[in-house]
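No lab work stands behind these numbers, since they all come straight from the coordinates. Predicted model, so just to flag it, every value in this text is computed and none were measured. As a convention, Cβ positions derive from the backbone with ideal geometry for all residues, glycine included, and neighbour counts pool all protein chains shown.
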Amino acid sequence: MDTFGWSLYTGPWIASAFFFVFALVNVAVRLRPDPLQISGGLVSQQGVGVVTPNLGAALRIISGIRNARVALASMVISQVTMVAVMTMTPVHLKIHGHEGVSPYVISLHIAGMYAFSPLVGKFADRHGKLQSISVGGVLLVAATVMAALAGDAATLLWPSLWLLGLGWSFGLIGGSSLLVESVPEGSRVTVQGAADLLMSFCGGMAGFSSGFIRKAFGFHMLSNLGTVLALVLVVIGIRRLTSTRIAKLRV
């Protein structure tokens, strides 16, 4: 970086920008013809009775179905908890003199998020989506508790960030799968898009506010807030799982 007169942390931004531009060019050049044009465009779809996606309508559909509400809660809580704690972990490590291990801790976190997703998907299919959501909540509780107890040492943050990623995976896969199977087939695309939008928005707000919370109250309090959210998810998941099992026994 010194060769170009750049700041120490400029490299990752340059690399990210390169891959974003590469993705843009790849889609613009290779996605020919455009699938939307093949289908006749939005005007053509409206002409044959296809309704343009509507956020309000999608949220009304979700609010009217209990499993869909649980699924959306799982997606949002998992995203908010993960983003808030993960975003401030490198800052916390740097403040306490552990900047050198930060890339490895975050890499382990990313591995927890994605490396086990095929196994998480199989777990959700075999044991049920509600079970996956409940497990995700428990893992997020464990992760945030360890993060809060880490103090100025980096030791606990290794398993904490790994569990944070793994808990997010369970909560997101279980929640998104439950959402899709809970709503009418004709509304699935609209509902899933609305849920992804809400999840991303809440995650963005969590990332934005996490710095202010850490500065005002400390990393441990930020982690404690994550614990509270994760506990809410555990309660929601277990209550719905229990009520579903009781209903099956009565049939």
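Grab the DSSP H runs of the chain that are 4 residues or longer, score each as -39,500 (n - 2.57), total them, divide by all residues and round the 222 nm result to the nearest 500 deg cm²/dmol.
Value at 222 nm, helices only, nearest 500: -27500 deg cm²/dmol.
Quick one: net charge around Ala194, please, counting Lys, Arg +1 and Asp, Glu -1 for every other residue with C-beta under 15 Å from its C-beta.
+2
Within a Cβ distance under 14 Å of Ile65, other residues only, what is the Lys/Arg minus Asp/Glu net charge?
Taking every Cβ under 14 Å from that of Ile65, the sum is +4.
Just order 164-173, 139-148 by mean Cβ neighbour count inside 10 Å, highest at the front, would you?
So the order, starting with the most tightly packed, is 164-173, 139-148.
Relative contact order for the chain using alpha-carbon pairs under 8 Å, separation at least 6, rounded to a whole percent? Please list the in-between numbers first.
Working: 315 pairs, mean separation 72.6, N = 251.
Worked out over the chain, it gives 29 percent.
Under 21 Å Cα-Cα from Lys129, which lysines qualify once same-chain neighbours fewer than 8 residues away are excluded?
Straight-line reach from Lys129, under 21 Å: Lys248.
I need the phi-derived Karplus couplings for segment 112-128: 6.51 cos²θ - 1.76 cosθ + 1.60, θ = phi - 60°, integer Hz, Gly and Pro marked x.
With coefficients 6.51, -1.76 and 1.60, one gets x, 5, 10, 5, 9, 4, x, 5, 5, x, 5, 4, 5, 5, 7, 9, x Hz.
Suppose each label sits 7 Å from its Cα in the direction of the beta carbon; what would the Leu31-Lys248 distance come out to in nanometres?
Taking the two extended label points, one gets 4.0 nm.
Separation between the Glu185 and Tyr114 pseudo-spin-labels, each 7 Å from Cα along Cα→Cβ, expressed in nm?
Roughly 3.3 nm, to one decimal.
Given R₀ = 25 Å, FRET efficiency for Ala153-Ile213 by Cβ-Cβ distance, to 0.05?
My answer for the efficiency is 0.75.
Quote to one decimal, in nm, the extra length available between Asn224 and Ser7 on full extension: 0.36 nm per residue of separation minus the C-alpha distance between them.
Working: separation 217, 0.36 × 217 = 78.12 nm, distance 3.34 nm.
Extending this stretch completely gives an extra 74.8 nm.
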